[in-house]
1. Suppose we look only past 20 Å in the calculated P(r) of region 38-130. What percent of the Cα-Cα pairs does that tail hold?
2. Rank PRO255, PRO269, PRO97 by mean-square fluctuation in a GNM of the chain with C-alpha springs under 10 angstrom and give only the top-ranked residue.
3. Which of these, GLY230, GLY147, GLY263, has the largest mean-square fluctuation under a Gaussian network model of the chain (Cα springs below 10 Å)?
4. Can you give the Rg and Dmax of region 131-295 based on its C-alpha atoms, in angstrom?
5. List ILE149, ILE169, ILE264, ILE221 from most exposed to least, where exposure is judged by having the fewest other Cβ atoms within 10 Å.
6. Using the per-residue mean of other Cβ atoms lying within 10 Å as a proxy for protection, in what order, highest first, do the peptides 281-288, 4-11 fall?
7. Straight-line reach only, C-alpha to C-alpha below 24 angstrom: list the lysines that LYS200 could link to, leaving out same-chain residues fewer than 8 apart.
8. Would you mind pulling out the separation of the Cα centroids of region 13-56 and region 148-181, in Å?
Amino acid sequence: MSYAFGVDIGATRTTLAVMDLREHRILAHQRVMSDYLFTGHRAPSAVLYEAVTRFMAEQDLELDKIVGVGVGVPGVVDRAEGAVLTCPNLHVLDGVPLAADTAARLGVPVYLDNNTNLICLGEYVCGAGRGVRDMAVVFVGSGLGSGLILDGKLYEGADGAAAEFGHTIIVANGLPCTCGAHGCLEMYCSGKALSAVAEKVFDARERFMLGSRFGGARLLIEQASFGHDGANRALEEAFTYLGLGLTSLVNLLNPRLIVLGGGIVFNWPRGVDVAREVVMREALPQVREKLRIEISELRDLAGVSGGAVLVALQGRLELIGQQEALAELWPCE
């Protein structure tokens, strides 16, 4: 039996998983706080190497049966060099040759990509996107990431930086973003955006969680579930912005499916309805007629599933090309 290993590095949590390549089935997974792993005191490749080897040992699985590791990071990567270029929500990874250095330690190929691209691959092959040739994935977590499958292929653009949907300008001269621009969608619908809004929604007595990272977003969602009017209004406004952004996306690309996920969506699923209502009201009739907007099927395991799919995909790319290799992994119906 051969295994593919997936790693989904998020701004708050990192998920590790091992997949049986024959059955596309996750055998075991584990979540660790990203701040606990990537402290900056040790090389990220050493941390990742130890995390993989310790996880395999704990699962009583043989390390030499791993054929490769697929790693997703919440930033821009140079896939050819196996390096992270920028990682706005986890700066300790900026400029790190993560794949190359980890591969040298593990002795197996390590492939690197944007984490939402891997989430998109995971949903396309193993989740909600099965049988769909044109789809977008948008995950609302600490930030806002996205991935695209167009005509049965993962679309990454001329320089590998496509699908940065979170950095679509949604408000002219709007809030400053960590990317350097102003008015990015991520600053209006994400964990960081909602945490900033929470400062205005709650009074001093209520702001008991705001000291923790993205604590404001958690507080908004918690209080919305108890009927707090201000919290509900803030969340509805955030997902209205998301719906407006999605309207532009579907008018431009005409996908058949949009998959929404991420911690904010999973904890406040009504946001899917809010965004869907905006799209179905504002998008061009011909692009919304057959459009489906659904919540992620794989949820927190989408990224690690995509990492494992990337390992399988890379083994076939040079021989038959991406579209054919993806069709082998999961034929479109």
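1. Pairs farther apart than 20 Å: 40 percent.
2. Per the Cα network of the chain with a 10 Å cutoff, PRO269 tops the list.
3. Fluctuation is largest for GLY230.
4. Considering region 131-295 through its Cα atoms, Rg and Dmax are 16.0, 52 Å.
5. ILE169, ILE221, ILE149, ILE264
6. Ranked from most to least packed, the peptides come out as 4-11, 281-288.
7. Cα-Cα hits under 24 Å: LYS192.
8. Rounded to whole Å, the Cα centres lie 27 Å apart.
The numbers here are math on the coordinates, done by the rules we state, and not lab data. These numbers come from a predicted model, not from an experiment. All Cβ positions, even for glycine, are placed from backbone atoms using ideal geometry, and neighbour counts span all protein chains on display.
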